Amino acid sequence: MKRRLMQIYQALYSVFGPQRWWPAESKFEVIVGAILTQNTSWQNVEKAISNLKKEKVLSFQKLYKLKPGKLARLIKSAGYYNIKAKRLKDFLKFFFKKYQANINKLALVKTNKLRQELLLVNGIGPETADSILLYALDKPVFVIDAYTKRIFSRHGFLKEKTSYEAVQNFFKQNLKKEVRLFNEYHALLVRLAKDFCLKTNPRCQACPLGSKRFYR
């Protein structure tokens, strides 16, 4: 299984190249983006991030002081904007109260401990928590999303309704625990799902994983 997973990774990398994900100018921006990207496309999140930058409020201090109503208006393109404004505010309160809004202090916390703390913050589920850990804090955590489940269920590795934890353990047990590998692998799966392994009308004939060599 370890060999098969690496063959898939290498095939995707050879076709798509490095994805350079997560696109952001700071670790704090990654965290904000991870919360905003829930149930929406990255294109919509980019618009929201752009609005925050135009208003010059994309920093902890300014977002912390910003009124919820104005924050909601600025992130409207991300959808569920009132809910997400509250979730951002709840994270900011946690970040300040527990870690004095210091990213470096946050990064020093052991992965499992920090993950449990993040999951206790309103609106932060496993995927968002793991995205923060991997992409903002360089923790070796494999992020699972609907794209990953779709691809690996269609190729017979697991069932699409398999739990988040079970799918994550599948990757943890069969891949080297490396931040760069986890980062690139997940980003490549997202690219594959968007370009080929579509939810409806998937482009199976043109898929980079169409070769039978992955399933011997």
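All of the numbers you see were taken from the coordinates with simple rules; none came from a lab. This is a predicted model, so every value here is computed, not measured. Here the Cβ is made from the backbone with ideal geometry for all residues, glycine too, and neighbour counts use every protein chain on show.
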Problem - Zone of K105's modelled label, taken as backbone nitrogen in the range 44-73 under 14 Å from a point 7 Å along Cα→Cβ - result: 61
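Once every DSSP H run of n ≥ 4 in the chain is given -39500 (n - 2.57) and the sum is divided by its residues, what mean residue ellipticity at 222 nm do you get, rounded to the nearest 500 deg cm²/dmol? Spell out each step's value before the answer.
On the way: 12 runs with 128 residues, N = 216.
Helices in the chain give a 222 nm mean residue ellipticity of -18000 deg cm²/dmol.
What pairs in K56/K110; K56/K84; K113/K177 have C-alpha atoms more than 29 Å from each other? Show your work: numbers first, answer last.
Working: K56/K110 32 Å; K56/K84 19 Å; K113/K177 18 Å.
As for pairs spanning more than 29 Å Cα to Cα, those are K56/K110.
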Completion exercise
Low-density loop trypsin sites (Lys or Arg not before Pro), the range 1-61, at most 10 other Cβ within 10 Å, DSSP non-H/G/I/E/B, are R20, K56
Handout entry: Extension reserve of the S59-K93 stretch, reckoned as 0.36 nm per residue once the Cα distance is removed
Key = 10.9 nm
Practice task
With no solvent and one equal point scatterer per Cα, compute the Debye intensity ratio I(q)/I(0) for the range 27-136 at 0.09 Å⁻¹ and report its log10, rounded to two decimals.
Solution key: -0.20
Handout entry: Viscosity 1.306 mPa s, temperature 10 °C, Stokes-Einstein D of the chain from Kirkwood C-alpha radius, µm²/s
Key = 87
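May I ask you to sort C207, C197 by Cβ crowding, counting other Cβ atoms within 10 Å and putting the fewest first? Walk me through the numbers before you get to the answer.
Details: C207 18, C197 21.
Going from sparsest to densest Cβ surroundings: C207, C197.
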Exercise for the section: Arrange the following residues from fewest to most other Cβ atoms within 10 Å of their Cβ: L12, L198. Expected result: L198, L12
Exercise for the section: Determine the relative contact order of the range 27-136: mean sequence separation of Cα pairs under 8 Å and six or more apart, normalised by residue count, in whole percent. Expected result: 32
Problem - Euclidean distance of C-alpha centroids, the range 79-126 and the range 145-186, integer Å - result: 24
